[in-house]
Amino acid sequence: MKYMLIMNTPRDGYTQYMSWPRKILEANIAFMHAFGKKLKDTGELVGAEGLAAPTEARLVRAGKDGKPITDGVFPESKEFLAGYWIVDVDSSGRAFQIAAEASTAPGAPVKGADGKLIEHLWIEVRQIMSGPPKEVG
Amino acid sequence: MTVERLLRDLAPQALAALVRRSHDFAASEDAVQEALIAAADQWPRQGVPEQPLGWLIRVALRRLTDALRSEVSRRNREAVVAAGSPVAVDPLLHEEPTLDPNDTLVLLFMCCHPALTPASAVALTLRAVGGLTTAEIAKAFLVPEATIGQRISRAKQSIRASGVPFRLPEAAEYAERLGPVLQVLYLIFNEGYTASTGATLLRTDLSSEAIRLNRQVHRLLPENGDVAGLLALLLLTDARRAARTGPQGELIPLDEQDRALWDRQAIAEGVALTNAALAMGSVGAYQVQAAIAALHDEAESVADTDWPQILALYEMLKGMSDNPVVALSHAIATAMVEGPRAGLTLLALFQDDESLRGSHRLDAVRAHLLERAGERAGAVELYRKAAAKTTSMPERNYLLMKAARMEEALG
């Protein structure tokens, strides 16, 4: 079964990340590299992507004429998607284990939306839907 | 030679032989793909046949004839109903295949036809001329196989609709048609050299494939300066491959690379080709870029580099192309010759430039020159601004590290 492990950052997370000191930055890059390699080696990694900064993101919908209307990111957004991993694992337990490890990525303390420091980022674990089930009978 | 490499060399020859006889590029391409898959399965187990090209052509012809037969019988059922006159099957199997050394070139011209989108031309070229399977191309571009399959089939439809005949372009349209071919090769190379998405900076296979195809074109058109110039440029750029990234995939810029890791043999070949290309008459953008790359590759260090000569070449290049990246490189070369302030003055002119405004490159180059001018706080800010805008993960990491290191030194 496949799961998407989603890493969100609080609104200020990106700005803070941009000014991380060298040692933390180095540790984070090394962690992400090793983590990705480990998942590839176990054969569980389906894919992973990191997203460009949300400051460049746009919200888009069709106008009355069908042409795109774009808008900047809504300022009230509390969280942004930073990136995700897709893993193919035997159980939800294994997906949780991988997510927990992902959450230990080194980083400077980040303040959550409530202003409190977050020790490890929450990783959202969502199962990916499959094709049609086998016929019964 | 491995079976894989052998098949890639033979693929365009087999395809050309089929297209010449059937005049049906799309059906021939499908048939050759099937023959390649059969060969990749059988040859490693049963040994390579004595005449591998003949084997491929025979198997592909059989597939093609089968496909045409079922098409003909379908049409016959309709034709008999309509007019009572059956269509005859073309006796494809009874002729000896003819080969022409220019076949690969003819195929390249077809696959890089200006009617195709660049993405389609790239995919079709890699499959029809490069002999790669759809799965291999999909893997190299990190997109689903169905997406590449769709790009290829749409490209083949465009070729069919355009009615391009299977022959070299007329002398009058030659130059015009060669441009897109070289552009597609350059695109393939760059896709391998600076992966446009994801965390990996190098996708070696595509770069090597572009060089291999460019070599073939150079063998067929040895006197063409643009072809030689592009091959030189690719070799001289690729020569720095091993020094360009660190152990964790991080980006290492030219001035920080360990030059002992550069490929001396590729540099020697690239420099010789550059000189030959420059002597072939009219000098185009590829030759100038190759000459710049040659000056970098021959220098023992950044300080040892012939910057005045590089600046002169960028002046030339600026006259040939309105590519904003050329303008930025020109500003960097100016800074190396006349000092960072002169470079910054040039960059100030681009602040309102449509194509550069909002580009992370402009910020990154300004940061670099500010750093050299001793304006550290301004440099840190701009490195971070560039990092927030780049879509390359290795580059973002590099720019953030640069800012973090400078801030650390500032205390």
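Got a number for residues in region B:357-411 being among the hydrophobic types (A, V, I, L, M, F, W, C), farther than 16 Å from A:Glu26 by Cβ and assigned to a helix (DSSP H, G or I)?
13
Tell me yes or no: at least one residue of region B:57-72 is under 30 Å from the mean Cα position of the chain (by Cα) and over 18 Å from B:Ser153 (Cα atoms).
Checked against the condition, which is being under 30 Å from the mean Cα position of the chain (by Cα) and over 18 Å from B:Ser153 (Cα atoms), region B:57-72 yields at least one hit.
Using beta carbons and a limit of 8 Å, which pairs, at least six apart or on different chains, have the first residue in region B:109-135 and free of Cβ contacts under 8 Å to residues at least 12 places away in the same chain and the second one among the charged types (D, E, K, R)?
B:Ala135/B:Glu145
For region B:224-246, which positions are closer than 24 Å to B:His368 by Cα and assigned to a loop (DSSP other than H, G, I, E, B)?
Within region B:224-246, B:Arg240, B:Gly246 meet the criteria.
Restricting the first residue to region A:24-41 and requiring it to be facing chain B (nearest Cβ under 7 Å), which pairs with a second residue that is polar (S, T, N, Q) and surrounded by 14 or more Cβ atoms within 10 Å (Cβ to Cβ) meet a Cβ separation below 9 Å and a spacing of at least six or different chains?
Pairs that qualify, where the first residue is facing chain B (nearest Cβ under 7 Å) and the partner is polar (S, T, N, Q) and surrounded by 14 or more Cβ atoms within 10 Å (Cβ to Cβ), are A:Leu25/B:Asn397; A:Ile29/B:Gln248; A:Ile29/B:Asn397; A:Ala30/B:Gln248; A:His33/B:Gln248.
Are there any strands (runs of 3 or more DSSP E) wholly within region A:6-79 with 3 or more residues that are at pLDDT 85 or above and loosely packed, with under 11 Cβ neighbours inside 10 Å, and if so which?
A:58-62
Quick one: B:Met393 ticks every box in (1) surrounded by 22 or more Cβ atoms within 10 Å (Cβ to Cβ); (2) within 19 Å of A:Tyr17 (Cα to Cα); (3) away from chain A (no Cβ under 14 Å) bar one, so which box is it?
If we test B:Met393 against (1) surrounded by 22 or more Cβ atoms within 10 Å (Cβ to Cβ); (2) within 19 Å of A:Tyr17 (Cα to Cα); (3) away from chain A (no Cβ under 14 Å), just (3) comes out false.
Among the residues of region B:239-250, what is the count of those that are within 30 Å of A:Phe35 (Cβ to Cβ) and either touching a Phe, Trp or Tyr at 6+ places or on another chain (Cβ under 9 Å) or among the β-branched types (Val, Ile, Thr) (or both)?
7
How many residues does region B:126-146 contain that are in contact with a helix residue (DSSP H, G or I) (Cβ under 7 Å, 6 or more places away or on another chain), assigned to a helix (DSSP H, G or I) and surrounded by fewer than 16 Cβ atoms within 10 Å (Cβ to Cβ)?
2
Can you find a residue in region A:47-62 that is under 19 Å from A:Glu119 (Cα atoms), in contact with a strand residue (DSSP E or B) (Cβ under 9 Å, 6 or more places away or on another chain) and within 13 Å of chain B (Cβ to nearest Cβ)?
no
Can you pull out the residues in region B:1-34 that are of a type in the set (S, T, N, Q) and surrounded by 17 or more Cβ atoms within 10 Å (Cβ to Cβ)?
B:Gln13, B:Ser22, B:Ser28, B:Gln33 - these are the residues of region B:1-34 that are of a type in the set (S, T, N, Q) and surrounded by 17 or more Cβ atoms within 10 Å (Cβ to Cβ).
Give the residues of region B:350-360 that are away from every other protein chain (no Cβ under 14 Å) and in contact (Cβ under 8 Å) with a residue 12 or more places away in the chain, sorted by residue number.
B:Phe350, B:Asp353, B:Ser355, B:Leu356
Of the residues B:Arg372, B:Arg405, which is of a type in the set (Lys, Arg), within 9 Å of chain A (Cβ to nearest Cβ) and surrounded by fewer than 19 Cβ atoms within 10 Å (Cβ to Cβ)?
Answer to the selection: B:Arg405.
Quick grid of which residues meet (1) farther than 21 Å from B:Ala285 by Cβ; (2) modelled with pLDDT under 80:
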residue: B:Thr194; (1), (2): no, yes
residue: B:Glu209; (1), (2): yes, no
residue: B:Asn224; (1), (2): no, no
residue: B:Arg241; (1), (2): yes, no
residue: B:Gly246; (1), (2): yes, no
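For region B:167-179, which residues satisfy the criterion of being under 12 Å from B:Leu108 (Cβ atoms) and not in a helix (DSSP H, G or I)?
B:Leu168, B:Pro169, listed by residue number.
Evaluate the following for B:Val337: is it more than 10 Å from chain A (Cβ to nearest Cβ), of a type in the set (Val, Ile, Thr) and in contact with a helix residue (DSSP H, G or I) (Cβ under 7 Å, 6 or more places away or on another chain)?
In short, yes.
Condition first: part of a strand (DSSP E or B), surrounded by fewer than 16 Cβ atoms within 10 Å (Cβ to Cβ) and over 13 Å from the mean Cα position of the chain (by Cα). Now tell me which residues in region A:89-127 satisfy that.
Selection gives A:Lys111, A:Leu117, A:Gln127.
Table: residues versus (1) touching a Pro at 6+ places or on another chain (Cβ under 6 Å); (2) at pLDDT 85 or above; (3) closer than 30 Å to B:Tyr174 by Cβ.
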residue	(1), (2), (3)
B:Leu68	no, no, no
B:Glu78	no, no, no
B:Pro97	no, no, yes
B:Ser120	no, yes, yes
B:Arg127	no, yes, yes
B:Glu136	no, no, no
B:Lys139	no, no, no
B:Ala155	no, yes, yes
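Is there any pair with a first residue in region B:390-411 that is without any contact (Cβ under 8 Å) to a residue 60 or more places away in the chain and a second that is of a type in the set (Phe, Trp, Tyr) and in a loop (DSSP other than H, G, I, E, B) whose Cβ atoms are under 9 Å apart and which are 6 or more apart or on different chains, and what are they?
Final answer for the pair search is B:Leu400/A:Trp20; B:Ala404/A:Trp20.
The values are calculated or read from the model by the stated rules, or taken from the named source; none is laboratory data. Quantities reported herein were computed from a predicted structural model and do not represent experimental measurements. Here the Cβ is made from the backbone with ideal geometry for all residues, glycine too, and neighbour counts use every protein chain on show.
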